[in-house]
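Engineer: Handing you a structure now.
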Amino acid sequence: MESEGPQSLCELCLTQVCISLDALCSRRTDGSLCLHSASVFPQEMADQLLHLMCKKGVLNDTTVGIFRDCKQFRLRRATIRSCTVSADAFHLALCPHRLQELDASWVSAGLTGASVISGLASNPECRSSLQRLSLNGLCLDWSKGDGVGFSSLQGLRMLNLANTDLDDDVLEDVCALPHLEMLDISCCGISTLTPLLQCKNTLKSVIAHRLRQLDMSPSRLLFVLTQLQNVRHLDFSDDHLSEDSDGSNADETVRQLLEGSPQVLPSLISLDVSGRRRITETALRAFVEARRGLVFLGLMATGVSSCDALETCRNLKVTGDANESQVCEALRRYRDRECFIREALVHLYNLTTDVNNPRPDMLKLVLSAMKSHPSSLQVQLVATACVFNLTTQDQAEAMPVPLLCSTVAQLLLAMKTFPSHTQLQKNCLLALCSDYILQDVPFNKYLAATLVITWLSSHEDPTLQRMAVAVISILIAKLSSEETAQLSKDISIMKQLLTIVQQKAMVGVVDATLKFALSALWNLTDEMPTAAHNFIDCLGLELYEEVLESYCTEPSIQQKVLGLLNNLAELKELQSDLMDEDLLGHVLSLLRDTQLEVEVRYFAGGILAHLASRPDTWTLDEDLRSTVLTHLHSSIMMWTHLEREMVSYRSFLPFCPLLQTGQPPGVQLWAVWAIHLVCSQNTPHYSRMLEREGVTELLKALAAHPDTHCDIKGLLDSILSLVDRHQTQNS
C-alpha cells in the first residue's frame, strides 16, 4: 500500500533508475540490458530495485538482464511476481544468485515450475540457501521436467504451490523436504493429504483452501491432521460459492475437529474454516472454550461468526460478517481470495452507508481489494460503491492525498475495464463527482475526461448525464494545453455537448447540466483553433445565437455563451463567421445595458474589442464599428472593480494584438482592464505570465506612447506597479 508520507530518498533514486534504464544501459547481442556503471549496489538495494521494477511493470526479458552481473547485484530476496519473464531469461539473470527467497507467482511468458526448480537447483549455493519459494499460479509442467524435484532444494522452509497443477506424486516429493515448515497447496488437484505425514515433525503452517478433488474419508483426514503435532496454523477453508463439489467429507472433518479433543493439533493457535457452511455454534463454542491460546479464527461465510463465545476472547482476531472488526480483518487476510473479498465488501458497503467520520483505514482495504482483483466485475462493482460511501461529502478532504490518488487511479481502471456496465460506471461517476477530488487531487485527468466522455455518448439518464457533464466540465479546465488540443480533435465530443445544450434550450430549462455543458464548451475552445472550428462546423454558432436570445434574463447562461464567442473572436480566421449584424447588435446591447452584471458586459466587450481591432476583416457597416469603439470606452469606464474571480487565462498572447499602440482606445482599454483585473486578484501567477510571454514590454511601450489615452495609462501604471512589487518581493 502506498505510504501516506513522502517517498524515501532511496526509493526516489531507484524509481529514477527504473524509468531511465535505456539511458543507463547498453544492449547485449540478445537484446537484454547491461548497466553501464561498474559500481556495486548494496545488497538490500539490489533487492529493492528488482522489487520496484516488478511493481512498476518494467521487469521483462530485456530489463531483467541487468541482474546477470552477480558482482554488481547480489540478489537475496527476489520477486518477479506477475511479470513477463521467460525460462531462459530467468535462468540467466536470477539463478546464478545465492537466493534466500523467490516469488515467481503468476509469471507469464512460459516460465513453469519445473523450469524454476531446474534453474535454481543448477546453482549449488541455491540448493541450500533458498528458504522461501512461491510459485502461486504457475503451471508446474512436471512431466516435461528434467527429473530434478523440489526435494533438491534442501533449504526450503516455506513453499507456496497454490493454484498450480500440483498432483499427489509431486506432493510426495515436496513433503520429502527436511526443513519444510510452511506449505500452501490451495486450489490444487491433489486427492490426498497423506504425504504430509512425511514432514509432520517440521510443518508449522498448512494452507489447504478449496481442495475440491480431495478424496479422503473424514476419519482418514482427521487421522492425518492428528499427526501434525507442531502445526500452529491450519487453513482448511472453502469457496462456498463454488458448485464443483458438496465438500461433505471435508465439512464433517471440520465438525469433528471443532468438537474433538484439544490433543488433536495441540499446537494450533490459528484456524481458518471460512466457507464451511455446516459448522454449528455448538461445535464452535466447544472449540473456542477448549483452546484459550487461539489468536485467529477464519469464519467468513460460515454463518456462525456472531457466536457469543467469540466475545469473551479479547486477543482473538476473527474474519466474518458479524461486525466491522471481522469484515476488515477479512479484507486484510483474504486479499487473494475473490470469493471472500466479494462477500466482505458487500458487508463493508452496508457498514459504510451512513458513515460520517473519515475512514482511511477502510479505504485502504477497499483499494487493496480492487488492485488484487482488477478483472473481477463483482469485486469492482461493490468496491466502487464502497469508495463512494467512504469519500462522499467532506470525508475525502480528510483522506491522505496519496491514498486518494491511488483510489482515483483504480476507479479509472475499473471504468476502462468495464465500459458497458452502467451501475459500475455510475458508482465511479458518483465518487469522482467531488469538487475536492476533481480540483485538488492529482490524477490522470486526460484519461478521466476521455473515459467519462465515452460513457456519456451512450447514456441519456438525466441524473448520470448531469454528473458526467459536471465532471467533464471541471476536468477540461484542468487539462494542459497539449491535452486539451488532443481532446479537441475528436469532433464527437463537440457534438455531444452541443446536443445537450440544444436539448435543454428547446424546453428553456436552466439547470446544472446546461451550465456544466456550456462551461465545458467554453473551456474546450479556449485557445484551441481545432475545437473552435469544430464548433462552427457543428452549427454551434447558430445554436448559441438562439440561446443568447432565449436566455436574455439569465446572466449565468449569457456569461458562458459570450465567453465561448470570445474564444472564437480571438481567432482571425473565424471572425468572418461572427460578422452578423443582428448578432453584433445584440452583443452591443448587452455591453451597454447598465442593469446587467459586469461579468456579462465584460465578455460582450471582449467579443467586440477583438472584432473591432481588425479593420481589414470588418465586413459590416463602418458606422457600426465606430459605434462599437465609442461604447466600448464609455461602458468600461463605468465598470466597478471585482473582488471575486470572474475569469482565468491560460495565456495573454491573444491580448497582444489589442495592446498595439495603433489600436483604438476602446480596444486597448478592454484588454488593459482585463489584465488589471486578473493581476490584482492573483498577482504572482499573472505577473510571471506577463514576463514569460513578453507582454510586460508591450504594456510599458503602450504606457510610454504619447497618444495613449489617460484612462488607459492609469490602469497600465497600476499593472506595472503590481508586477514591479512582485519582482521586488521575490528577488
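Engineer: Averaged per residue, what accessible area in Å² does region 17-111 show with a 1.4 Å probe, protein chains only?
Structural biologist: 46
Engineer: Post the alpha-carbon centroid distance, region 296-337 to region 498-537, in whole angstrom.
Structural biologist: About 53 Å separates the Cα centre of region 296-337 from the one of region 498-537.
Engineer: Tell me, what is the 1.4 Å probe accessible area of residue 168, in Å² to the nearest 10?
Structural biologist: Using a 1.4 Å probe on the heavy atoms, I get roughly 50 Å².
Engineer: Then there's this: Pull out a ≥ b ≥ c, the square roots of the eigenvalues of the alpha-carbon gyration tensor of region 306-386, then state rounded if a/c is under 1.5, prolate if not and a/b is larger than b/c, and oblate in the remaining case.
Structural biologist: In terms of gyration-tensor shape, prolate.
Engineer: Also, quick follow-up: As a quick test, which of the pairs 495/572; 416/478; 515/572; 445/560; 426/478 have an alpha carbon distance above 30 angstrom in this structure?
Structural biologist: Checking Cα-Cα distances, every pair stays at or under 30 Å.
Engineer: Same structure again: Here are several values of Rg and Dmax of the Cα atoms in Å: [x] 34.5, 108; [y] 36.6, 143; [z] 27.3, 97. Which one was derived from the coordinates shown?
Structural biologist: Given [x] 34.5, 108; [y] 36.6, 143; [z] 27.3, 97, the calculated one carries the label [x].
Engineer: Just the Cα atoms of region 40-154: what Rg and Dmax do they give in Å?
Structural biologist: Every Cα atom of region 40-154 included, Rg and Dmax give 12.9, 40 Å.
Engineer: Using Cα positions and a limit of under 23 Å, work out the lysines in reach of residue 713, with same-chain residues fewer than 8 apart set aside.
Structural biologist: 700
Engineer: Go through 712-719, 671-678 and give me the packing order, highest mean Cβ count within 10 Å leading.
Structural biologist: Ranked from most to least packed, the peptides come out as 671-678, 712-719.
Engineer: Further, regarding this structure: With angles folded into 0 to 90 degrees, how steeply does helix 43-55 sit against the dominant principal axis of the chain? Use alpha carbons for both and round to 10.
Structural biologist: 60
Engineer: Follow-up question, since we're still on this one. Kindly express, to the nearest 10 degrees and within the range 0 to 90, the angle between helix 324-333's C-alpha long axis and the longest C-alpha principal axis of the chain.
Structural biologist: Taking Cα atoms only, the helix is inclined about 80 degrees.
Engineer: Moving to a separate point now. Report the per residue volume, in Å³, of the convex hull enclosing the C-alpha atoms of region 48-95. Walk me through the numbers before you get to the answer.
Structural biologist: Details: hull volume 3.2 nm³, N = 48.
Taking the convex hull of the Cα positions in region 48-95, it is 66 Å³ per residue.
Engineer: Same structure, new question: So what is the relative contact order for region 199-240, in percent, with contacts set as C-alpha pairs under 8 Å and at least six apart?
Structural biologist: Reported relative contact order: 66 percent.
Engineer: Moving on. Could you point to the residue in 392, 468, 296 farthest towards the positive end of the chain's charge dipole, with +1 and -1 charges on the Cβ of Lys/Arg and Asp/Glu respectively?
Structural biologist: Result: 296, furthest along the dipole toward the positive end.
Engineer: I'd like the carbon and sulfur percentage of the solvent accessible area for region 435-544, probe radius 1.4 Å, heavy atoms only, ligands and nucleic acids excluded. Walk me through the intermediate numbers first.
Structural biologist: Values: 2310 of 4490 Å².
Looking at region 435-544 in its full context, I get 52 percent from C and S.
Engineer: What percent do you get for the relative contact order of region 646-731 when only Cα pairs under 8 Å and 6+ apart count?
Structural biologist: Worked out over region 646-731, it gives 36 percent.
Engineer: May I pose another question? With contacts defined as alpha carbon pairs under 8 Å and 6 or more residues apart, what's the relative contact order of the chain in percent?
Structural biologist: 4
Engineer: Something else now. Over region 631-731, average the accessible area per residue using a 1.4 Å probe and give it in Å², no decimals. It would help to have the intermediate numbers written out before the result.
Structural biologist: On the way: 4690 Å² over 101 residues.
Computed with neighbouring chains in place, this is 46 Å² per residue.
Engineer: From the Cα gyration tensor of region 114-213, with a ≥ b ≥ c the square roots of its eigenvalues, which class applies: rounded if a/c is under 1.5, or else prolate if a/b is larger than b/c, or else oblate?
Structural biologist: Oblate, because a/c is 1.5 or more while a/b does not exceed b/c.
Engineer: Based on Cβ point charges of +1 for Lys and Arg and -1 for Asp and Glu, what charge dipole magnitude is obtained for the chain about its Cα centre, in debye rounded to the nearest 20?
Structural biologist: 2740
Engineer: So, for region 420-531, what is the accessible surface per residue at a probe of 1.4 Å, expressed in square angstrom? Walk me through the numbers before you get to the answer.
Structural biologist: On the way: 4510 Å² over 112 residues.
Accessible surface, normalised per residue, equals 40 Å².
Engineer: Ignoring ligands, DNA and RNA, please state the percent of accessible area on region 1-69 from carbon and sulfur, probe 1.4 Å.
Structural biologist: With neighbouring chains kept in place, the figure for region 1-69 is 57 percent.
Engineer: Counting only protein heavy atoms, what percent of the accessible surface of region 77-233 is carbon or sulfur at a 1.4 Å probe?
Structural biologist: Using a 1.4 Å probe with all protein chains present, region 77-233 comes out at 46 percent carbon and sulfur.
Engineer: I've got another one for you. Which value, in Å² rounded to 10, gives the accessible area of residue 335 with a 1.4 Å probe and all protein chains present?
Structural biologist: For residue 335, solvent-accessible area is about 120 Å².
Engineer: Shape verdict for region 168-298, please, from the Cα gyration tensor: rounded (a/c under 1.5), prolate (a/b greater than b/c) or oblate.
Structural biologist: The shape class here is oblate.
Engineer: In deg cm²/dmol and to the nearest 500, what is the mean residue ellipticity at 222 nm of the chain if only DSSP H runs of at least 4 residues count, each as -39500 (n - 2.57), divided by the residue total?
Structural biologist: -16000 deg cm²/dmol
The values are calculated or read from the model by the stated rules, or taken from the named source; none is laboratory data. Owing to the predicted nature of the structure, the values given are computational and were not obtained by experimental measurement. As a convention, Cβ positions derive from the backbone with ideal geometry for all residues, glycine included, and neighbour counts pool all protein chains shown. Note: accessible area is taken over every heavy atom of the protein model, side chains too, but ligands, DNA and RNA are not part of it. Shrake-Rupley method; radii C 1.70, N 1.55, O 1.52, S 1.80 Å.
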